[in-house]
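**Student:** The structure follows.
Please treat every number below as a calculation from the coordinates, not as lab data. Nothing here was measured: the structure is a model prediction, and the numbers come from that model. No Cβ is skipped: glycine too gets one built from the backbone with ideal geometry, and neighbour counts run over all protein chains shown.
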Amino acid sequence: MAPAGNYTVTPTRTGYTFSAPQTFNNLSANQTANFTATPITYTISGQVTASGAALAGVTVTLSGSQTGATTTDNSGNYTFTALAPAGNYTVTPTRTGYAFSAPQTFNGLSTNQTANFTATPITYTISGQMTLSGTGLPGVTVTLTGSQTGSATTDNSGNYSFTALAAVGNYTVTPTRTGYTFSAPQTFNNLSANQTANFTATPITYTISGQMTVSGTGLPGVTVTLTGSQPGSATTDNSGNYSFTALAAGGNYTVTPSRTGYTFSAPQTFNNLSANQTANFTATPITYTISGQVTASGAGLTGVTMTLSGSQTGATTTDSSGNYSFTGLAAGGNYTVTPTRSGYTFTSPQTFNNLSANQTANFTATPISQSGNPPPSPDSLSPSAGAGTSQTFVFTFSDQNGWQDLEVVDILINNYLDGRNACYLAYSRSAGALYLVNDPGTALLPGLVLNASGITGNSQCTVTGAGSAASGSGNTLTLTLSLTFGASFAGNKVMYLAARDLEGGNSGWQALGTWNVPGPAISGPSVRGMALTSFGPTYTFTFTDTNGWQDIAVADILINSAIDGRHACYVAIVPSSASGASLFLVDDAGDAAGPYSGMVLPGSGSVTNSQCSINGTGSSITGNGTTLTLTLAMTFSQNFVGNQIFYLAARSNTLNSDWQAVGSVTVP
């Protein structure tokens with residue numbers, strides 16, 4: 001190089017920078033010019049996002065002129081530095097469970113570059129079916145646990161599905177439904193594809209069983225009915241045991257026993273069945289009563305042997321009113337009741353098959369005459385009802401052997417069948433005289449010749465010979481008596497008649513009429529009387545109360561051969577208005593406290609027992625002033641044959657008329 005020249009040395013190379021150029025002015029010697037080179041580098045950086053949010057943990061790989069790898073930070077950022085210029089570079093993101101936008105390439109790198117990426121989660125589905133005996137089972141709760149949790153219910157085909165499950169997650173599927181067990185839960189670790197998880201269901205079943213006992217002993221033949229979620233029926237074995245098996249868990253079940261002739265302890269219910277259950281029951285035999293009355297000529301006959309035969313046997317004797325009773329008779333049994341007593345014949349034995357209720361068996365006895373002919377009988381009384389202190393009565397009696405076969409005919413007038421303090425008369429045909437019993441009822445007063453001038457009397461009545469007579473014709477004896485009643489004998493009286501023949505045949509007492517002997521006016525409720533509009537079947541009864549008809553709280557009617565509510569037509573009426581009332585008919589047992597059969601007047605209902613029936617149609621009640629009038633459409637049953645007396649009573653809340661005999665009826 002020429003001396004004294006001025007020189008500058010400058011290095012260059014692509015991809016490098018160098019220390020500063022060196023200058024030599026007025027070159028006068030050899031010179032050294034060293035330089036330091038520094039490579040030029042660039043950066044590629046960026047961010048990875050998922051749904052707009054930074055995604056950490058993404059592996060970002062650099063390939064090409066230089067290689068490398070880094071991981072996005074919590075902000076999703078990454079960077080590659082010191083990249084040689086002019087190099088060719090490709091940036092690729094990866095993370096398990098995600099797909100990313102395409103890798104980015106930079107050729108001939110000559111500046112810093114930004115490479116952002118968008119990540120999309122990869123999801124899969126777990127689905128399946130629940131089956132029971134090969135058929136889809138709906139209503140199963142399917143629970144998902146693990147990396148994600150959730151719950152689903154199987155549809156009508158037993159199918160379920162969990163969607164959008166993040167890839168590489170760990171998941172467990174567990175089915176549950178009350179009343180079923182299932183095959184084992186299924187687990188999917190590191191989920192990398194759609195999965196199917198099917199399950200098999202097995203019903204959980206339980207047993208309801210027990211025993212029927214009666215008095216501590218097993219009772220066979222009981223029908224046991226299962227109702228509820230599963231119906232069924234079983235019959236107890238010889239030990240009284242039964243069982244219902246394979247009952248679905250969670251169901252509601254009721255067990256009810258039944259057998260004719262028994263009642264049982266209450267049905268037992270098991271809701272949401274979750275274990276085997278025991279349902280024991282106690283049986284109680286249903287029993288009924290057969291009772292009744294034996295009457296002779298309308299009056300109760302004592303001393304009759306009543307024999308029960310059939311499913312149970314027994315014997316009893318009628319009491320002083322002719323009543324008897326067989327109790328504790330097993331339901332469903334067959335029973336026959338037969339009356340016997342020396343000197344009497346009876347209506348036919350009565351049979352009750354498959355006994356299912358209390359029964360009444362009344363019987364009519366007929367005395368056996370020593371002559372072999374029927375006994376004599378009282379036939380009629382005229383007038384059979386009325387009122388007054390004096391009256392001429394005509395009584396008729398008959399005998400199949402002629403009126404001359406009659407030995408004695410009797411007439412007893414009193415409140416009831418009692419010869420004490422009564423107008424008790426006996427006519428001896430053979431003596432042609434009438435005898436009156438004294439007040440104590442212990443002896444006869446001197447006889448009275450009829451159709452003559454004499455008289456005979458006691459404290460209750462007086463018979464005048466003049467105007468009285470006896471005559472016979474054919475089979476009939478007619479007795480005409482002129483009677484006057486004493487003031488102390490006031491009230492409603494029953495007129496009983498009886499006849500005895502020469503052979504000892506006796507009709508027994510028969511009530512053929514009533515008579516009212518006037519007395520002082522009664523304050524408060526009282527009985528006025530009754531009227532029969534026609535036999536079959538309307539009767540009119542009249543009650544009075546000096547305080548007005550509204551003062552009558554209860555009016556009673558008792559129809560029987562005596563004042564006895566058992567086996568009677570016993571009616572109680574409770575007025576509610578001038579034209580309305582409640583009517584109660586007492587049952588055959590005759591307890592005034594009940595039970596009753598009831599109906600309302602006016603109305604179209606009816607009530608009945610073994611003696612009578614009363615129909616609301618044709619029945620009525622009317623209150624007016626001091627009078628309460630009751631009309632009843634009433635019929636009598638064939639069990640109630642004989643001469644029956646109408647006894648009436650009325651009471652207010654403080655006063656009572658007591659029973660008054662106001663009429664009679666002969667039930668054929």
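**Student:** If the convex hull of the alpha-carbon atoms of the chain is projected onto planes in all directions, what is the mean projected area in square nanometres? Before the final figure, lay out the partial values.
**Tutor:** Working: hull surface 235.2 nm².
Projected over every direction and averaged, the Cα hull of the chain covers 58.8 nm².
**Student:** Hey, another quick one. Of Leu62, Leu444, how do they rank once you tally other Cβ atoms within 10 Å and put the fewest first?
**Tutor:** Values: Leu62 19, Leu444 15.
Final ranking by Cβ density, sparse to dense: Leu444, Leu62.
**Student:** OK, next. Mind listing the long-range amide H neighbours of Val58? Cut-off is under 5 Å, sequence gap 5 or more, other chains count too, H placed in the peptide plane at 1.01 Å from N.
**Tutor:** Answer set, sorted by chain and number: Thr72.
**Student:** Given 0.36 nm per residue, what is the gain on full extension from Gln404 to Thr94 after removing their alpha carbon distance, in nm?
**Tutor:** Details: separation 310, 0.36 × 310 = 111.60 nm, distance 14.30 nm.
Result: 97.3 nm gained on full extension.
**Student:** Here's a follow-up. Please report, in debye to the nearest 20, how large the charge dipole of the chain is about its Cα centre when each Lys and Arg carries +1 at its beta carbon and each Asp and Glu carries -1 there.
**Tutor:** Working: 12 positive and 21 negative charges, 521 e Å.
Dipole magnitude for the chain comes out near 2500 debye.
**Student:** A follow-up question, please. How much length would be gained if the chain were fully extended between Ser215 and Ala4, taking 0.36 nm per residue of separation minus their Cα-Cα distance, in nm to one decimal? Intermediate values should be presented prior to the final figure.
**Tutor:** Numbers: separation 211, 0.36 × 211 = 75.96 nm, distance 14.88 nm.
That pair, Ser215 and Ala4, stretches by 61.1 nm at full extension.
**Student:** With θ set to phi - 60°, apply the Karplus curve 6.51 cos²θ - 1.76 cosθ + 1.60 along region 318-332 and write out the HN-Hα couplings as whole Hz, x wherever there is a Gly or Pro.
**Tutor:** So the J values, rounded to whole Hz, are 5, 7, 5, 9, x, 8, 8, 7, 10, 10, x, 8, 5, 4, x.
**Student:** With labels modelled as points extended 7 Å from the Cα through the Cβ direction, what inter-label distance (nm, one decimal) is found for Ala578 paired with Ser101?
**Tutor:** 10.6
**Student:** May I pose another question? Once fully extended, how much extra length lies between Thr178 and Ser604, figured as 0.36 nm per residue of separation less the alpha-carbon to alpha-carbon distance?
**Tutor:** Working: separation 426, 0.36 × 426 = 153.36 nm, distance 5.64 nm.
Extra length available between Thr178 and Ser604 comes to 147.7 nm.
**Student:** May I pose another question? Can you tell me what percent of all Cα-Cα pairs in region 221-328 are more than 20 Å apart?
**Tutor:** Here the tail beyond 20 Å accounts for 58 percent of pairs.
**Student:** Can you sort Cys612, Cys423 by how many other beta carbons sit within 10 Å, fewest first?
**Tutor:** Values: Cys612 23, Cys423 27.
Ordered from fewest to most neighbouring Cβ atoms within 10 Å, Cys612, Cys423 come out as Cys612, Cys423.
**Student:** So how far apart, in nm, are the two label points at Ser51 and Ala443 if each is 7 Å from Cα heading toward Cβ?
**Tutor:** 12.9
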